[in-house]
1. Which one, Ser335, Gly391, Asn324, is farthest towards the positive end of the dipole of the stretch 318-422 when Lys and Arg carry +1 and Asp and Glu -1 on their Cβ?
2. Quote the FRET efficiency, to the nearest 0.05, computed for Glu27 versus Ile356 with a Förster distance R0 of 35 Å and r equal to the Cβ-Cβ distance.
3. Picking from Ile66, Tyr111, Tyr122, whose Cα lies most toward the positive end of the charge dipole for the stretch 6-150 (charges on Cβ: Lys, Arg +1; Asp, Glu -1)?
4. Using label points projected 7 Å from each Cα along Cα→Cβ, tell me how many nm separate Ser153 and Asp401, to one decimal.
5. Contact order normalised by length for the stretch 6-150, with contacts defined as Cα pairs under 8 Å and 6 or more residues apart; what percent is it?
6. Roughly how many nanometres apart are two label points built 7 Å out from the Cα toward the Cβ at Ala146 and Ala187?
7. For Ala171 and Asp18, FRET efficiency with R0 = 41 Å and r from the beta-carbon atoms, rounded to 0.05?
8. Volume per residue, Å³, of the convex hull around the alpha-carbon atoms of the stretch 153-206?
Amino acid sequence: MPPLDLRPFIARTAALIDSSPPTSRGETRTWLVEPFLETLGWDCRDDSCVTDRTVDGTRVEYVPMIDSVPALLVAVEAYDASLEESRATALRGAMTWTGIDRAIYTNGREYLLLAGASDIDYHALTLSELADTESTLDNYSRAALARRLEHHSRDHVARRLALERPRLVDAIVEQLTTAAVQGDAYADEFDSAVDRFLDQLVVAFADSRPQSGETRADVSIRFSESAVTGDGETNDTREPGSRSGLAADSGGDATEPRTDATRAERGSAAGSNADAAREAGSDDATGTESDDRSASTPDDGADGSTADAATGTDGGEYVVRFFNDRGSIGAIGHSTAEGALVEAAEYLFERGLSGIEVPWSPDDADGTVLNAAPTHADGSPMAAPTQLSNGLYLATGGEPDERAARVEALAARAGLRAMLTGDWDDRTS
């Protein structure tokens, strides 16, 4: 394939902008964005390019596909509007959930190129800088993505299910309400159940999906003219073509950030071994795919004993995925049920649990689950208390099903729901 030549597109676009710049999102799409995508080899008017869809709650203007497999997400703002941090972050979340690991966000003046599904690389470019980054832009071309999607995989099914999810939910709920007697009265229950069912299907087919708990960190970058930034926040200026670490605010209210140092300081055997059990995979801009299991299972050494040596127990796979009403927002994993409970609590304190009053226990619990001291509300000692990074103590004793119930109760208290997969049903710790 000949290399991309963006100079004619840049020259035509610059001339058009100088004479009569677009005044609406529609004109921006037709005059600037579609010619740009065509330069990359995409035909926006062909049936293989879906337009105006909501993917994982995020509005996108174009979803180019290859053999019915979504290959790229394209979000557009009007030419005279700035790119928004909130939408860039939502776009990144949609990439993480769907497994569609290429996205472009543009207003025709500025181009945010996103690549990956876990640690997301970005390139922030202006129109005039496109010609100097043709090798990077080639990763978003139809030819390059066709080569990546040449061999069908289960992840392709996940992409398609994620894209068609709203339609599938409506269609299945309609069938259920029609089949049931007075089915309209149960439409909300059907909708919730179908929503969870499709969550599980997407998760089941997304074999290469990273399971990192840090899946929705904010995207904070600056262009030379306008910014993808938060309300009055000061972000580092990035040179075009640079890689972000995406080390931004996770949006939670935790007392301390969820870092490796924090885990080590709290002195919990279950919590401090999380790093051995959860090694996050990453996709780079060249298209290297991540291994899903690397984020939720121990990083096995030559003898497969990395986690075992740290915990003194048989290594397992205890995975918890968290969902809000839009879809998946992240996941944690550990080689033990106890460690997974601790990691889930840490994750949830960043996302809704910080206002909880202690001592706390679920309505149907026999004892206290969270307290400021390692005791139950009546003063009796907790079984296997673990101190979290915010100083509270978590009861981690019991069988895996008891720990699973605590995870689900904590998630519900944070306004989320949890789906437990892996070894939770084995009844061994």
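Read-outs throughout are calculated quantities, based only on the coordinates presented, and are distinct from any laboratory measurement. Every value quoted in this text rests on a predicted model; they were computed, and no experiment measured them. Neighbour counts run over all protein chains shown; Cβ positions are idealised from the backbone, glycine included.
1. So the residue we want is Asn324.
2. Efficiency at R0 = 35 Å is approximately 0.10.
3. Ile66
4. 3.6 nm
5. 21 percent
6. Result for the modelled spin labels: 4.4 nm.
7. 0.30
8. Convex hull volume per residue, Cα atoms: 59 Å³.
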